[in-house]
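K.L.:
For reference, the structure I am asking about is given below.
The values are calculated or read from the model by the stated rules, or taken from the named source; none is laboratory data. Not measured: the values here are computed from a predicted model. Here Cβ is always computed from backbone atoms with ideal geometry, including for glycine, and neighbour counts include all displayed protein chains.
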Amino acid sequence: MPTDPRDADRLPFEGMEGPAKRRRSRKDAGPAEPRARAVSTDPARERVRPIPDPVTLHSHGPARVLALCNQKGGVGKTTSTINLGAALAEFGRRVLLVDFDPQGALSVGLGVYPHQLDMTIYNALMERRTTGEDVLLKTGVAGMDLLPSNIDLSAAEVQLVGEVAREQALARVLGPLLPRYDYVLIDCQPSLGLLTINALTAAHGVIVPLECEFFSLRGVALLLDTIEKVQERLNPELRVEGILATMYDARTLHAREVFSRVVDAFGDKVFQTIIARTVRFPETTVAGEPITSWAPQSPGATAYRDLAREVLARS
Ligand SMILES: Nc1ncnc2c1ncn2[C@@H]1O[C@H](COP(=O)(O)OP(=O)(O)OP(=O)(O)O)[C@@H](O)[C@H]1O
Ligand SMILES: [Mg+2]
C-alpha cells in the first residue's frame, strides 16, 4: 500500500467537499478551501489491466476462507457474497457460503426462509453434538452450499462470551468442511462484535466492500485496526484480500472522486473490478437467486465474474 491505511479516515478526503461543506451558502463561506482534484474522466476505467483466465481444477480443497466485512450497513456485503460465490462456482470452484448475520439476508437471497429452519449455524456453534455438516444446505447454484442463519444467531453473540476460546467457535465449525471446498465466503453482520471477530479468526483474507460515497471511508480505519489486532492476537495468517468498490455511479463526479481517493489510499489492494449501482441487484433478492443466473448477461453478472477472476488470481 502506498500510504499507511490507518490514515484512511483522513487521507482520501483531504480537500474534498463533504455534504456539510457543500450546503454552506456563498455568503457564509470563509476563505476558499483547497478543492478536490477534478476527476473529469472515469477513474474506474483508467486501471484496467488484463485479468488471467482461471485454471481448470481437477481436484478440490482445502478451501481459502474469505470474510466479507464492513461494519457499515448496506454496503453490498451480502450481495457480493452471493454473487462472488456464484461466479466462483461457475468457474468450477466448490463454494461454501456462511450466513453469519442474524438478519439471515444471505439465506433469503438464496431463496431460503430462515425462520422455517430447525437447524442453523447457531446450532453448530453452540451445541457440541451438532456439526457444520448437519446444518449444510444445497443452493440452486451447482457446486455452492450454504450454512444458513436466522435470528437465533444473535443469542450466540451473548452466549459465546462465557465460552472457552470464544473467538475460535466458527473456525472449529468450518475446520472439518474445508477439505471439500475451494472457497468459503463468510457474510458478516454490520458490526465489529464477537461474531465478526469469529469470522476474522476463521478467515485467511478479508474482502472489504466499500460504497463509493462520502461517509463510506469513515469506518475503514477502525476496521483495519480490528483486522490488525486479530492478526496480532488470534490469526497471524489474516490479510486484507482486497477492497471492493460497490454501488458505483460513474455519472456522478462525487463517486468518481471517492473512488479516486480510495485508490490513492489503498493502491493495488483495490480490486479493479467495480460494482456499479443498478436496480438489478435488489431484484435478485426478491428472486432469491444470484445475478449470474437471474440476469446472466447483465453488466452486474459480468462484474462479479470479473471479480471472481481477480480473487482467483490473488489467491
Ligand atoms: N450494486 C448495487 N446497486 C444497487 N443496489 C445494490 C447494489 N448492491 C447491493 N444493492 C442493494 O443494496 C441493499 C444493501 O445491500 P446488501 O444487503 O448487499 O448490503 P450489506 O452490506 O450486506 O447490508 P447489511 O450491512 O445490512 O448486512 C440491498 O437492497 C441490495 O439489493
Ligand atoms: Mg448483509
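K.L.:
Return the pairs, sorted by first residue and then second, in which the second residue is part of a helix (DSSP H, G or I) and surrounded by fewer than 16 Cβ atoms within 10 Å (Cβ to Cβ), the first residue lies in region 153-182 and is in contact (Cβ under 8 Å) with a residue 60 or more places away in the chain, the beta carbons are less than 8 Å apart, and the residues are 6+ apart or on different chains.
P.N.:
Pairs found: 177/133.
K.L.:
Then there's this: List, please: which pairs have Cβ atoms under 6 Å, are six or more places apart or on different chains, and start with a residue in region 198-215 that is of a type in the set (A, V, I, L, M) and end with one that is at pLDDT below 95?
P.N.:
210/216
K.L.:
Would you point out the residue of region 81-105, among those that are among the charged types (D, E, K, R) and within 12 Å of ligand 2 (Cβ to nearest atom), that is nearest to residue 215 (Cα to Cα)?
P.N.:
Of everything passing the filter in region 81-105, 101 is nearest to residue 215 (Cα to Cα).
K.L.:
Return yes when residue 120 is surrounded by 24 or more Cβ atoms within 10 Å (Cβ to Cβ) and within 29 Å of residue 219 (Cα to Cα) and no when it is not.
P.N.:
No; evaluated as a whole, the condition is false for this residue.
K.L.:
So, of the residues in region 179-206 that are among the aliphatic types (A, V, I, L, M) and within 13 Å of ligand 2 (Cβ to nearest atom), which turns out to be farthest from residue 42 (Cα to Cα)?
P.N.:
Only one residue tops the list, namely 195.
K.L.:
Confirm whether residue 124 is under 28 Å from residue 272 (Cβ atoms), touching a Ser or Thr at 6+ places or on another chain (Cβ under 8 Å) and outside any strand (DSSP E or B).
P.N.:
No.
K.L.:
Which is within 15 Å of ligand 1 (Cβ to nearest atom), of a type in the set (A, V, I, L, M) and touching a helix residue (DSSP H, G or I) at 6+ places or on another chain (Cβ under 8 Å), of 195, 200?
P.N.:
Testing whether each residue is within 15 Å of ligand 1 (Cβ to nearest atom), of a type in the set (A, V, I, L, M) and touching a helix residue (DSSP H, G or I) at 6+ places or on another chain (Cβ under 8 Å) leaves just 195.
K.L.:
Considering only residues that are away from ligand 2 (no atom under 12 Å from the Cβ), in contact (Cβ under 8 Å) with a residue 60 or more places away in the chain and not hydrophobic (A, V, I, L, M, F, W, C), which ones fall in region 51-80?
P.N.:
Of everything in region 51-80, those that are away from ligand 2 (no atom under 12 Å from the Cβ), in contact (Cβ under 8 Å) with a residue 60 or more places away in the chain and not hydrophobic (A, V, I, L, M, F, W, C) turn out to be 52, 53, 54, 60, 61, 62, 64.
K.L.:
Scan region 152-188 residue by residue and report those that are surrounded by fewer than 20 Cβ atoms within 10 Å (Cβ to Cβ), at pLDDT 95 or above and farther than 17 Å from residue 121 by Cα.
P.N.:
Listed by number, the residues that qualify are 179, 180.
K.L.:
Continuing with this model, one more query. Could you grab the pairs with beta carbons closer than 9 Å, sequence gap of 6+ or different chains, first residue in region 261-283 and in contact (Cβ under 8 Å) with a residue 12 or more places away in the chain and charged (D, E, K, R), second one in a loop (DSSP other than H, G, I, E, B) and within 16 Å of ligand 2 (Cβ to nearest atom)?
P.N.:
277/247
K.L.:
Which numbered condition in (1) within 19 Å of residue 237 (Cα to Cα); (2) at pLDDT below 95 is the only one that residue 204 fails?
P.N.:
Residue 204 satisfies every listed condition except (2).
K.L.:
Could you list, ordered by first residue, the pairs with Cβ atoms under 9 Å in which the first is in region 234-250 and of a type in the set (Ser, Thr, Tyr) and the second is part of a strand (DSSP E or B), at least 6 apart or interchain?
P.N.:
246/209; 246/210; 246/211; 246/276; 248/211; 248/276
K.L.:
Picking from 106, 153, which residue would you name as being touching a strand residue (DSSP E or B) at 6+ places or on another chain (Cβ under 6 Å), within 15 Å of ligand 1 (Cβ to nearest atom), under 25 Å from residue 74 (Cβ atoms) and of a type outside the set (Gly, Ala, Ser)?
P.N.:
106
K.L.:
If you check 253, 244, which single one turns out to be hydrophobic (A, V, I, L, M, F, W, C) and under 28 Å from residue 52 (Cβ atoms)?
P.N.:
The match here is 244.
K.L.:
For a quick check of your reading: which helices (runs of 4 or more DSSP H) sit entirely within region 189-306 and have at least 2 residues that are among the aliphatic types (A, V, I, L, M), over 17 Å from the mean Cα position of the chain (by Cα) and surrounded by fewer than 17 Cβ atoms within 10 Å (Cβ to Cβ)?
P.N.:
In region 189-306, 280-287 are the helices (runs of 4 or more DSSP H) which contain 2 or more residues that are among the aliphatic types (A, V, I, L, M), over 17 Å from the mean Cα position of the chain (by Cα) and surrounded by fewer than 17 Cβ atoms within 10 Å (Cβ to Cβ).
K.L.:
Which pairs have Cβ atoms under 6 Å, sit 6 or more apart or on different chains, and link a residue in region 81-96 that is assigned to a strand (DSSP E or B) to one that is of a type outside the set (Asp, Glu) and at pLDDT 95 or above?
P.N.:
Once the first residue is assigned to a strand (DSSP E or B) and sits in region 81-96, its partners that are of a type outside the set (Asp, Glu) and at pLDDT 95 or above give 95/85; 95/88; 95/89; 95/144; 95/183; 96/181; 96/184.
K.L.:
Sticking with this structure for a sec: Identify, please: which residue in region 106-121 is assigned to a loop (DSSP other than H, G, I, E, B) and in contact with a Leu (Cβ under 8 Å, 6 or more places away or on another chain) and is, among those, nearest to ligand 2 (Cβ to nearest atom)?
P.N.:
110
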